[in-house]
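Read the figures in this text as sums done on the coordinates, not as results from a lab. Here the structure is a predicted model, which is why all the values come from computation and not from measurement. A quick note on method: Cβ atoms are made from the backbone with ideal geometry, for glycine too, and the neighbour counts reach across all protein chains shown.
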């Protein structure tokens with residue numbers, strides 16, 4: 001392949017190197033396993049630089065997943081629950097995942113269903129904002145559940161400037177001049 005992307009065909013190695021030197025470019029083997037091997041005339045340094053820039057941009061566009069943790073006890077009061085669920089809601093709106101942990105002590109381990117009810121209540125309260133990524137499971141003396149924020153829906157674009165007027169807006173535009181003519 002030539003520098004501009006046109007296929008030259010099967011060429012001897014010496015001729016290909018000569019063409020590359022004439023254009024002050026490099027001869028790069030693109031597909032060594034092909035029969036015959038495919039080479040391309042290009043600026044190898046520039047290609048490596050552009051590939052590195054693309055990789056850097058891709059890394060920059062990646063979002064870091066943050067996991068926040070909220071800890072509760074099975075005998076949490078209503079006010080404390082509301083405060084904790086408010087924190088969970090704030091974390092979800094910021095785009096972070098939330099790990100909700102219920103900590104059991106002593107005899108509370110015999111009543112893990114209380115912790116399960118609490119986590120189910122939390123998942124129901126956060127249903128418009130999050131989905132359950134990891135359902136409640138007992139991990140030692142703790143019960144853990146992970147909530148992930150829902151994907152943000154892009155807002156619909158309203159009528160732009162220069163766009164045709166919809167049927168809903170047309171009657172309002174017709175009614176306005178009539179009101180003006182009556183006063184005059």
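For region 67-149, rounded, prolate or oblate, judged on the Cα gyration tensor with a ≥ b ≥ c (square roots of eigenvalues), a/c < 1.5 rounded, else prolate if a/b > b/c? Can you show the working numbers first?
Details: a/c = 2.01, a/b = 1.58, b/c = 1.28.
The shape class here is prolate.
So how far apart, in nm, are the two label points at residue 68 and residue 125 if each is 7 Å from Cα heading toward Cβ?
Each label point is offset 7 Å from its Cα along the Cβ direction, giving 1.4 nm.
On full extension of the chain, what length is gained from residue 31 through residue 94, given 0.36 nm per residue of separation minus the C-alpha to C-alpha distance?
Here the segment from residue 31 to residue 94 would lengthen by 18.1 nm.
Taking 0.36 nm per residue of sequence separation and subtracting the Cα-Cα distance, how much length would be gained by fully extending the chain between residue 7 and residue 105, in nm to one decimal?
Values: separation 98, 0.36 × 98 = 35.28 nm, distance 7.37 nm.
Extending this stretch completely gives an extra 27.9 nm.
Suppose a student asked you for the relative contact order of region 1-158, using Cα pairs under 8 Å spaced at least 6 residues apart; what percent would you report?
With pairs under 8 Å counted, the relative contact order is 16 percent.
To one decimal place, what Kirkwood hydrodynamic radius in Å is obtained for region 1-126 from all pairs of distinct Cα atoms?
Working: mean 1/r = 0.0490 Å⁻¹.
That comes to 20.4 Å for region 1-126.
Can you compute the modelled spin-label distance between residue 43 and residue 15, with each label point 7 Å from Cα toward Cβ, in nm?
The answer from the label model is 2.7 nm.
Quick one: grab the alpha carbon gyration tensor of region 13-61, order the square roots of its eigenvalues as a ≥ b ≥ c, and give me rounded if a/c is under 1.5, else prolate or oblate depending on whether a/b is larger than b/c.
Numbers: a/c = 6.22, a/b = 1.80, b/c = 3.45.
Taking the square roots of the gyration eigenvalues as a ≥ b ≥ c, region 13-61 is oblate.
Return the FRET efficiency for the residue pair residue 117, residue 53: r is the Cβ-Cβ distance, R0 is 45 Å, and the value is rounded to the nearest 0.05.
Values: r = 53 Å, r/R0 = 1.17.
The calculated FRET efficiency here is 0.30.
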